[in-house]
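One structure below.
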Amino acid sequence: MLTSVELGQFEFSSTPLLIAIPELNREAWIVADLDVVPDAFLPGPAALYIDGVTSGGTNIADFGLQGTLPFGMAQRVTAEKRRSAGVTGTTWQGRTDTRGYTIEVTNNMDTEQEIEVRDRLPHPADERILLEDVKIDPAPELQDDENRLTWRMTLQPGETARIAVEYTLRYPGDETLVYR
């Protein structure tokens, strides 16, 4: 797959990335990173193409094309998040809420695809709430300070990968958790 941005007689190619965020959408996004700051361009519209077929458009700002451009959806690459039943309990220290889920990523394209899967564990804003007993299989390639998780995987045509996540939140007994 090749993504390109056509600017009149100029064309810039880049390698696309498939990003799956099952919390937001079942289908993966096709994106490409560009950092093009040509001196001769004026702000204006630009056409976006995937493998020579138009996929949309964008606008060029005064500073050129920089950052990640969305090229549309990869309808044949899916990621579904299925929550397992949670268990709430009480201890002498307070309350606990154990939750888990699985993410299934499927490549229904005719070719091997590299896919980036993104998710996030709870990130308590209150220091009295503790995230404990985190189990993630397979382990994410990246996990930042805000508990954002990233896996990079290569899937063959028709292949499905599974990610399992489980964690416990411990909090004061007189409080109620609100998930956002």
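For the stretch 76-171, the Cβ-based charge dipole about the Cα centre amounts to some 440 debye (Lys, Arg positive; Asp, Glu negative; other atoms uncharged). For ILE60, nonlocal amide neighbours, meaning residues 5 or more places apart or on other chains whose placed amide H falls under 5 Å from its own, are GLY44, ALA46. Remark: relative contact order (the stretch 60-180) = 31 percent; criterion is Cα-Cα distance under 8 angstrom and separation of 6 or more residues. Our coupling estimate for the stretch 158-173, obtained by passing each phi through the Karplus curve with A = 6.51, B = -1.76, C = 1.60 and θ = phi - 60°, is x, 7, 10, 10, 10, 10, 10, 10, 9, 7, 10, 9, 10, 8, x, x Hz, Gly and Pro reported as x. In a shell of Cβ-Cβ distance under 10 Å around ALA79, excluding ALA79 itself, what net charge do Lys and Arg (+1) and Asp and Glu (-1) give? Charge balance in the 10 Å sphere: -2. Here's how it looks for ASN25: its modeled amide H is under 5 Å from none belonging to a residue 5 or more places away or on a different chain.
Projecting the Cα atoms of VAL134, GLY158, LEU169 onto the dipole axis of the stretch 125-172, where Lys and Arg carry +1 and Asp and Glu carry -1 at the beta carbon, places GLY158 farthest toward the positive end.
So what's the net charge close to GLY89: Lys and Arg +1, Asp and Glu -1, counting the other residues with Cβ under 14 Å from its Cβ? Net local charge, GLY89 excluded: 0. Just to confirm a number: summing +1 for Lys and Arg and -1 for Asp and Glu over residues other than GLY158 whose beta-carbon lies under 15 angstrom from that of GLY158, what do you get? Its environment carries a net charge of -2. Amide H contacts of GLY72: ILE30, each under 5 Å away and 5 or more positions distant or on a separate chain (H built 1.01 Å from N in the peptide plane; Pro and chain starts excluded). Between LEU177 and THR102, the FRET efficiency from the beta-carbon distance, with R0 = 30 Å, is close to 0.90.
Between the stretch 15-31 and the stretch 108-176, the C-alpha centres lie 15 angstrom from each other. When the alpha carbon coordinates of the stretch 76-171 are projected onto the principal axes, the ranges are 55, 27, 17 Å, largest first.
We did not get these values from a lab; they are worked out from the coordinates using the rules stated. Being a predicted model, the structure only gives us computed values, none of them experimental. Neighbour counts are summed over all protein chains in view; Cβ atoms, including those assigned to glycine, are modelled from backbone coordinates with ideal geometry.
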